[in-house]
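One structure is given below, encoded as structure tokens.
The values are calculated or read from the model by the stated rules, or taken from the named source; none is laboratory data. None of these values were measured; they are calculated from a predicted model. Here Cβ is always computed from backbone atoms with ideal geometry, including for glycine, and neighbour counts include all displayed protein chains.
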Amino acid sequence: MAAKDSSTERVVIDVRDLTRRFGDFTAVDSISFSVKRGEILGFLGANGAGKTTAIRMLTGLLEPSSGDATVAGFDVYRQREAIKKNIGYMSQKFSLYEDLTVFENIRFYGGVYGLTRATIKSKSDELLERLGLQHARDHRISGLPLGWRQKLAFSVALLHEPEIVFLDEPTGGVDPVTRRQFWDLIYETAANGVTVFATTHYMDEAEYCDRVSIMVDGRIEAYGTPNALKNQFEVSSMDDVFIRLARSTSQSS
Amino acid sequence: MGSFRGFIVKEFHHIFRDYRTLVILFGMPVIQLILFGYAIRNEVSDIQVGFLDPVRDELTMDLKTRIDASSYFISKGDYDTLDDIERAFQDGTIREAVVFEPDFSHKLRHDGSASLSVIADGTNPNIANTMNAYTLVIVRDFQRDLLADDTPAPAERGIVIDSRMRFNPELKSIFLFVPGLIALILMLVSALMTSITITREKELGTMEILLVSPLKPIQIIVGKVLPYFLLSFINVSTILVLARLVFHIPIRGSVLLLLAECLLFILCALSLGILISAKSKTQQTATMISLSGLLLPTIILSGFIFPIDSMPKILQVISHIVPAKWFLIIIRGIMLKGVGFEYFWKETLILAFMTAVLMTASIRSFKIRLD
């Protein structure tokens with residue numbers, strides 16, 4: 001990715017020493033990072049490394065044990081409701097209601113975020129046109145191909161114009177062509193000033209990100225642009241960076 | 001052959017590693033056997049019986065003692081007037097009354113015949129019949145012993161028993177089933193459907209989206225539950241109208257009070273549904289828990305069909321935590337006995353308390369899932 005002139009841009013996610021313990025177990029161990037407006041952050045880590053717990057804290061679902069963090073300028077302890085209003089979220093399940101039509105889903109989620117009927121109407125027209133889904137407006141989700149569902153779920157997550165969108169493994173179970181198209185959609189969104197926070201297990205996708213964070217055992221072991229990380233670990237691909245990290249920790253433990 | 005054996009082994013691994021299946025596999029037969037073996041008995045024991053005995057001499061004392069001494073009955077003592085008996089029936093102190101005619105002993109001694117009224121609570125027709133039969137046997141024994149030292153009694157002599165039924169004179173079993181059916185259907189629609197609909201959102205992943213949205217957890221819960229609340233209420237109304245029009249079941253008490261109590265029970269069932277959904281990850285589990293944990297007790301331990309009084313002590317104790325048990329006492333009171341709130345305010349209070357506890361627990365466990 002071309003380096004952005006980041007000095008003029010605002011920090012939208014700022015995390016300092018954020019920690020979450022469950023009993024004796026420290027799921028997230030004093031992580032710190034910041035993400036600027038319009039950046040794409042690839043949030044990587046093996047399963048169980050603490051990614052989900054970190055996301056749950058940043059999306060206002062879980063209270064941190066200690067540390068500080070602001071999301072869209074709001075505090076994760078005291079302003080969880082405000083955070084929820086200013087973020088979008090899409091999970092790997094592309095969670096739409098299968099027994100509702102495309103438009104009914106848009107209307108429902110629009111309503112959840114407090115959009116007016118008129119706004120929902122105009123936004124859904126615009127959204128369907130952009131995705132080329134006008135013909136499917138009144139079709140049930142259950143009949144849609146996975147790739148369309150994925151794009152639709154992403155667009156629905158952006159319906160209320162959030163500052164940040166959290167994508168939890170947004171390309172799981174999707175074919176490579178569709179994955180590539182989906183990343184085009186992500187670039188477009190980021191170019192419009194929306195910050196994208198994405199988890200993924202695909203290392204080729206990590207290369208597409210502005211910045212990458214790799215969590216291991218609750219800590220962020222690597223953080224930087226894909227190129228910087230590859231230089232730091234003296235390898236040629238993100239895949240190797242990841243394996244290098246995983247190996248070093250499995251030897252140390 | 002080896003691969004086949006491997007297959008069998010794998011299947012056993014599935015079974016033994018899933019403790020829920022294991023519980024259902026081995027727990028259900030045991031629970032069902034105990035329930036069906038002990039709870040489902042139409043013979044009765046310890047029926048509370050009251051007497052109206054204007055005579056109170058050794059003859060009537062003898063008969064009363066015999067009734068009290070049998071394992072089927074427990075004497076609640078003498079009542080002074082028929083009104084007192086009626087009140088005791090209404091508040092459930094007694095379920096049978098034996099009324100002696102004023103000169104019972106005199107007539108029996110001199111004419112060799114006297115009459116006796118046996119009044120039974122007919123809200124449960126099966127039990128009423130059984131109570132009646134048991135009373136009859138005791139009276140016959142009493143009469144045989146009495147006349148044994150006399151000359152053999154001519155056929156027309158002896159005690160004439162006049163059996164009557166309170167609340168349900170024709171012993172229609174539909175009277176028994178309608179209140180129970182209301183409880184059952186409300187449990188089914190409210191608890192089962194609620195637990196399924198919430199777990200479905202979990203399975204689909206839409207629950208995650210809802211939780212991340214600005215909706216408050218309480219809004220999500222109420223939003224999920226409200227439609228079922230309305231549907232359940234429509235259900236109750238339909239059953240009541242049908243019962244009235246098709247089966248001619250009376251609603252002797254206040255309809256408004258009846259509906260209010262039904263609303264309370266619906267709330268209780270909905271809370272149970274939310275609680276179940278908070279504890280289960282899949283629709284399947286929710287269904288299983290609802291069916292085995294709610295429907296079975298509602299049918300068997302509520303007094304719907306089988307009398308709680310004649311169950312073993314331990315089942316009687318367990319029946320106290322079955323909401324339907326209290327609900328049934330209440331709606332039978334309103335529909336069949338026609339009594340007012342003063343007769344079942346305690347049951348209502350218990351039900352309200354249960355609902356409050358369940359609701360708090362369900363909302364709390366829903367929130368815990370958030371953290």
Verdict on A:T178 being among the polar types (S, T, N, Q), surrounded by fewer than 20 Cβ atoms within 10 Å (Cβ to Cβ) and within 24 Å of A:L58 (Cα to Cα): no
Output the residue which, of all residues in segment A:137-154 that are surrounded by fewer than 21 Cβ atoms within 10 Å (Cβ to Cβ) and small (G, A, S), is nearest to A:P176 (Cα to Cα). A:G147
Any hit, segment A:177-190, residues being more than 13 Å from the chain's Cα centre (by Cα), touching a residue at least 24 places away in the same chain (Cβ under 8 Å) and part of a loop (DSSP other than H, G, I, E, B): no
So if I check each of A:R117, A:R80, A:R149, which one is under 18 Å from the mean Cα position of the chain (by Cα) and free of Cβ contacts under 8 Å to residues at least 24 places away in the same chain? A:R80
Looking at B:T285, is it more than 22 Å from B:D91 (Cβ to Cβ) and free of Cβ contacts under 8 Å to residues at least 60 places away in the same chain? no
So which of B:M131, B:M187, B:M165 ends up being of a type in the set (A, V, I, L, M, F, W, C) and touching a Gly at 6+ places or on another chain (Cβ under 7 Å)? B:M165
Qualifying helices (runs of 4 or more DSSP H) (wholly inside segment B:182-266; at least 1 residues being surrounded by fewer than 20 Cβ atoms within 10 Å (Cβ to Cβ) and either of a type in the set (D, E) or not assigned by TED's automatic domain parsing to the domain that holds B:T285 (or both)): B:193-204
Given the conditions (1) in contact with a Ser or Thr (Cβ under 7 Å, 6 or more places away or on another chain); (2) in a loop (DSSP other than H, G, I, E, B); (3) within 30 Å of A:D210 (Cα to Cα); (4) of a type outside the set (A, V, I, L, M), report the number of the one that A:G193 does not fulfil. (1)
Please determine, by comparing only the residues of segment B:335-369 that are outside any helix (DSSP H, G or I) and in contact (Cβ under 8 Å) with a residue 40 or more places away in the chain, which one is surrounded by the most Cβ atoms within 10 Å (Cβ to Cβ). B:V339
Looking only at segment B:300-334, how many residues end up being part of a helix (DSSP H, G or I) and not basic (K, R)? 20
Matching residues in segment A:130-146 - criterion: being part of a helix (DSSP H, G or I) and under 24 Å from the mean Cα position of the chain (by Cα): A:R130, A:L131, A:I141, A:L146
Would you say A:E63 is part of a loop (DSSP other than H, G, I, E, B), within 14 Å of chain B (Cβ to nearest Cβ) and more than 14 Å from A:P162 (Cβ to Cβ)? yes
Against the condition buried (at least 18 other Cβ atoms within 10 Å of the Cβ), under 22 Å from the mean Cα position of the chain (by Cα) and assigned by TED's automatic domain parsing to the domain that holds A:D217, how does A:A69 come out, does it pass? no
Would you be able to tell me the number of residues in segment A:77-103 that are more than 13 Å from every other protein chain (Cβ to nearest Cβ) and of a type outside the set (S, T, Y)? 3
